[in-house]
Amino acid sequence: MRQRAARDQKRLDSGAITSPKDLESLQRELASLAKRQGDLEDVVLEVMERREAAQERVTELTARVEAIQAKVDDAAARRDAAYAEIDAEVATATKERGLTVADIPADLLKLYDKIRSKEGGVGAARLYQRRCEGCRLELNITEINDLRAAAADAVVRCENCTRILVRTPDSGL
């Protein structure tokens, strides 16, 4: 469009066109081209402004995504550290259990594992002040008397939750 306007202006300035009608037509065309060029430049400016705003928005959103990704990475690192800690605790507990199990008679271990699987992972509970810590219920006097009469190495169980009761000096017997 600029080339066409420059060419028409050159023709107008050269004086090669002598007809007033052609001169007027050429001047109208130059004015029309100038108006069209102004309109197109306005459109280009508007597009550039919109592009700039979009780039600013992209920059802002990229920063937000990076911040969120940093939080996600931090949470994943903390989760992985917690998993590692839990795995270490499981390994330690498994090792300790293996050492402890070696001293327990097989039939008692079988009973414990059976109760443990049935009772949600807890097969034995401490008897503390006449209360089973497995089901948190206080034993009645008949049960307490039966526990007192039982031999020290006898396996006794709670009648409420069926867990093996571990007697200690704090049992209240």
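Residues that are at pLDDT 85 or above, within 38 Å of the chain's Cα centre (by Cα) and of a type in the set (D, E, K, R): does the stretch 99-113 have at least one?
Checked against the condition, which is being at pLDDT 85 or above, within 38 Å of the chain's Cα centre (by Cα) and of a type in the set (D, E, K, R), the stretch 99-113 yields at least one hit.
Every residue, every condition in (1) touching a Lys or Arg at 6+ places or on another chain (Cβ under 8 Å); (2) free of Cβ contacts under 8 Å to residues at least 60 places away in the same chain; (3) closer than 22 Å to residue 97 by Cβ, yes or no:
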| residue | (1), (2), (3) |
| --- | --- |
| 123 | yes, yes, yes |
| 132 | yes, yes, no |
| 150 | no, yes, no |
| 155 | no, yes, yes |
| 159 | no, yes, no |
| 164 | yes, yes, yes |
| 172 | yes, yes, no |
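Mind telling me which of the residues 26, 45, 61 ends up being assigned to a helix (DSSP H, G or I), surrounded by 10 or more Cβ atoms within 10 Å (Cβ to Cβ), in contact (Cβ under 8 Å) with a residue 12 or more places away in the chain and not assigned by TED's automatic domain parsing to the domain that holds residue 153?
Being assigned to a helix (DSSP H, G or I), surrounded by 10 or more Cβ atoms within 10 Å (Cβ to Cβ), in contact (Cβ under 8 Å) with a residue 12 or more places away in the chain and not assigned by TED's automatic domain parsing to the domain that holds residue 153 holds for just one of 26, 45, 61, which is 26.
Across the stretch 68-98, what is the number of residues that are more than 17 Å from residue 121 (Cα to Cα) and either under 15 Å from the mean Cα position of the chain (by Cα) or of a type in the set (D, E, K, R) (or both)?
Count: 19.
Pull up the stretch 122-173, narrow it to residues that are closer than 16 Å to residue 108 by Cα and small (Gly, Ala, Ser), then point me to the one that is surrounded by the fewest Cβ atoms within 10 Å (Cβ to Cβ).
Selected residue: 152.
Could you go through the stretch 89-96 and let me know if any residue there is modelled with pLDDT of 85 or more and in a loop (DSSP other than H, G, I, E, B).
Checked against the condition, which is being modelled with pLDDT of 85 or more and in a loop (DSSP other than H, G, I, E, B), the stretch 89-96 yields no hits at all.
The values are calculated or read from the model by the stated rules, or taken from the named source; none is laboratory data. These numbers were taken from a predicted model, which means no experiment stands behind them. Cβ: placed from backbone, ideal geometry, glycine included. Neighbour counts: every protein chain shown.
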